[in-house]
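Here's the structure we're looking at; comments come further down.
The values are calculated or read from the model by the stated rules, or taken from the named source; none is laboratory data. Predicted, not measured: the structure shown is a model, and the values here were computed from it. No Cβ is skipped: glycine too gets one built from the backbone with ideal geometry, and neighbour counts run over all protein chains shown.
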Amino acid sequence: MEIYALCDEASLKRERVCLEAFIARAKAAGADILQYRNKIDTPQKVARRLEEIASIFEGRVIVNDYPELASLCDGVHVGQEDLARYGTMPEKAVESLRKIVGEGRWIGLSTHNAEEIEIANGLAIDYIGLGALRSTSTKPEAHVLGKEALSALAKRSRHPVAAIGGVRLDDMIDHVRWLVVGSALYED
């Protein structure tokens, strides 16, 4: 399985880990994708952090929830609620996102159930995030699927699948391409 690192600004602050140390841990774990999520700062601060990440991480950098900043990196990841901000129909929302993000950059979409996967199968996106595998402190409200249900749902996706939510570096999940690890990179 491939590693997709999730760098959450609030978690960096809470864990007292600097960005460089997190990226070093992500690289050591073999991550070739790093998603930057920042729900606490202004878009200007998010942009500066993206530029910093892109200067020290050699892999693909994805920004969470800021398609207008995708020109600073390799793409955007959005949740179901975020997608609705770009259009009333999912297809139109993805078309709008593509215009903002640009050709050649990735669009990822979080999914949580069979219905959302079926809708995603008809969208011009590059991958789906699927979960939650386990409960997490950053999204305690997330519905936990567990490995068997996540694997069964992942099999239904026509897009590559990134397992999200409480994922550990040693997890093995059928039909999943990436393990999205965040807090697992803080553990020694």
Would you confirm, using the coordinates I've provided, whether residue 176 is in contact (Cβ under 8 Å) with a residue 40 or more places away in the chain, part of a loop (DSSP other than H, G, I, E, B) and surrounded by 22 or more Cβ atoms within 10 Å (Cβ to Cβ)?
yes
Run down 146, 165 and say which single residue is of a type outside the set (S, T, N, Q), over 17 Å from the mean Cα position of the chain (by Cα) and at pLDDT below 95.
146
Just give me the residues in the stretch 11-47 being at pLDDT 95 or above, in a helix (DSSP H, G or I) and closer than 21 Å to residue 78 by Cβ, in sequence order.
43, 44, 45, 46, 47
Filter result for the condition that a residue is under 11 Å from residue 182 (Cβ atoms) and either assigned to a loop (DSSP other than H, G, I, E, B) or out of contact with any His (no Cβ under 9 Å at 6 or more places or on another chain) (or both), over 54, 5:
5
Single residue of 104, 122, 79, 75 found to be more than 27 Å from residue 142 (Cα to Cα) and of a type outside the set (A, V, I, L, M, F, W, C)
104
The residue from 56, 3 that alone is β-branched (Val, Ile, Thr) and surrounded by 15 or more Cβ atoms within 10 Å (Cβ to Cβ) is 3
What about residue 17, is it free of Cβ contacts under 8 Å to residues at least 40 places away in the same chain, β-branched (Val, Ile, Thr) and either touching a strand residue (DSSP E or B) at 6+ places or on another chain (Cβ under 9 Å) or surrounded by 15 or more Cβ atoms within 10 Å (Cβ to Cβ) (or both)?
no
Can you find a residue in the stretch 45-53 that is touching a strand residue (DSSP E or B) at 6+ places or on another chain (Cβ under 6 Å), surrounded by fewer than 21 Cβ atoms within 10 Å (Cβ to Cβ) and small (Gly, Ala, Ser)?
no
Does the stretch 47-65 hold any residues that are touching a helix residue (DSSP H, G or I) at 6+ places or on another chain (Cβ under 6 Å) and within 26 Å of residue 165 (Cβ to Cβ), and which are they?
50, 57, 61, 63, 65
